[in-house]
Amino acid sequence: GAASAVRRASGCLACFGVGILLIAFGGLAMATVQTLYGLPLLILVMPYALAAVGRRAELRADQQAAALGFAPMLVEVLGQLHQAETAAAQATPTAQPTGAAGPPRQESLSRLLASHPDYHTRLHHLQPYLQPRG
């Protein structure tokens, strides 16, 4: 009587323990699979995320400089850099014939990977600091 009841109880506990181990192992296996499947996605997304963080940091740095009173000088320097970049872009011969559909996509992709915001975005964020305060 009592020995068989103890044996049945220990058998149930053993089954319960094996079930817990299987659930834990299955959860660990699922987490590993999800991590490995997400790894290529993470590798593909990481450069874009780092570039976006860099652009935001650059805009914050511009705002801090503008708040200290350097907005007019910063706009002047950005304007000179923009003119130099525009002149350099016009000086390089284009490999694509006019009317080709390739450049806009490549340009938008390079914007996503750029660590600094473009001239117009930076100038837009500096506008409140350039207006006279009354």
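The values are calculated or read from the model by the stated rules, or taken from the named source; none is laboratory data. Computed from a predicted model, the values in this text were never measured in an experiment. Here the Cβ is made from the backbone with ideal geometry for all residues, glycine too, and neighbour counts use every protein chain on show. We work out accessible area using only protein heavy atoms, side chains counted, and drop any ligands, DNA or RNA first. Shrake-Rupley method; radii C 1.70, N 1.55, O 1.52, S 1.80 Å.
Taking the conditions (1) among the polar types (S, T, N, Q); (2) open to solvent by less than 90 Å² (accessible area, probe 1.4 Å); (3) at pLDDT 85 or above in turn, residue 90 satisfies each one other than (2).
Could you list, in sequence order, the residues of the stretch 64-78 that are farther than 19 Å from residue 120 by Cβ and under 26 Å from the mean Cα position of the chain (by Cα)?
64
Out of all the residues in the stretch 27-47, is one or more assigned to a helix (DSSP H, G or I), among the small types (Gly, Ala, Ser) and either in contact (Cβ under 8 Å) with a residue 40 or more places away in the chain or open to solvent by 60 Å² or more (accessible area, probe 1.4 Å) (or both)?
no
A single member of 74, 50 is modelled with pLDDT of 85 or more, part of a helix (DSSP H, G or I) and either among the acidic types (Asp, Glu) or open to solvent by less than 60 Å² (accessible area, probe 1.4 Å) (or both), and it is 74.
Does residue 67 satisfy the criteria of being modelled with pLDDT of 75 or more and surrounded by 12 or more Cβ atoms within 10 Å (Cβ to Cβ)? No, not satisfied.
When the criteria are applied in full, residue 117 fails the requirement of being open to solvent by less than 80 Å² (accessible area, probe 1.4 Å) and at pLDDT below 80.
Conditions tested, residue by residue: (1) at pLDDT 90 or above; (2) in contact with a helix residue (DSSP H, G or I) (Cβ under 9 Å, 6 or more places away or on another chain); (3) closer than 15 Å to residue 55 by Cα.
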{"residue": "80", "(1), (2), (3)": "yes, no, no"}
{"residue": "94", "(1), (2), (3)": "no, yes, no"}
{"residue": "101", "(1), (2), (3)": "no, no, no"}
{"residue": "109", "(1), (2), (3)": "no, no, yes"}
{"residue": "122", "(1), (2), (3)": "yes, yes, yes"}
